[in-house]
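Structure first, commentary second.
The values are calculated or read from the model by the stated rules, or taken from the named source; none is laboratory data. Fair warning: this is a prediction, and the values are worked out from it, not measured in the lab. Cβ atoms come from the backbone with ideal geometry, glycine included; neighbour counts cover every protein chain shown.
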């Protein structure tokens, strides 16, 4: 279920992002993080991903608008990023960069059957990929993992 402020935050973000000639793809409030995290995903009008400089150009004016609005009265972190939806995670850096993001993991079990799991990515080491699936920590052996990709929405809580 979306956070109650998600729609208001998106309404606030749209004109600020449009000033930078970009569009808001989504706004997500990650209330399970400390401090609370507001993720604003932006893209170009043609749907292509933005670069780091474009995200930075939106971040400061958006932070000022958020502060002036008074919508958030508690400590928070603002993240402005490119959606990257559907991106497959391949490198160690990907698994570090997208820690805490919603992912879909495809696992091949011993009998050959493929099983899909969704959860928040916790990380990867030499032996396992770790997911938080509705509060339960899954440790999936790397040899069984066929694919891990970012998903658009977090798993149901």
Practice problem: Take residue 90 and decide whether it is in contact (Cβ under 8 Å) with a residue 60 or more places away in the chain, surrounded by fewer than 18 Cβ atoms within 10 Å (Cβ to Cβ) and part of a loop (DSSP other than H, G, I, E, B). | Solution: no
Quiz item: Restricting attention to the stretch 1-13, and to residues there that are touching a strand residue (DSSP E or B) at 6+ places or on another chain (Cβ under 8 Å) and surrounded by 15 or more Cβ atoms within 10 Å (Cβ to Cβ), which single residue is farthest from residue 60 (Cα to Cα)?
Solution: 3
Quiz item: For the stretch 37-48, what are the residues that are in contact with a strand residue (DSSP E or B) (Cβ under 7 Å, 6 or more places away or on another chain) and surrounded by fewer than 17 Cβ atoms within 10 Å (Cβ to Cβ)?
Solution: 37, 44, 45
Quiz item: So, of the residues in the stretch 3-57 that are part of a strand (DSSP E or B) and farther than 19 Å from residue 99 by Cα, which turns out to be modelled with the lowest pLDDT?
Solution: 49
Practice problem: Out of the residues in the stretch 105-121 that are surrounded by fewer than 17 Cβ atoms within 10 Å (Cβ to Cβ) and in a strand (DSSP E or B), state the one that is modelled with the highest pLDDT. | Solution: 118
Quiz item: When the residues of the stretch 63-87 are filtered to those that are without any contact (Cβ under 8 Å) to a residue 40 or more places away in the chain and in a helix (DSSP H, G or I), which remaining residue is surrounded by the most Cβ atoms within 10 Å (Cβ to Cβ)?
Solution: 63
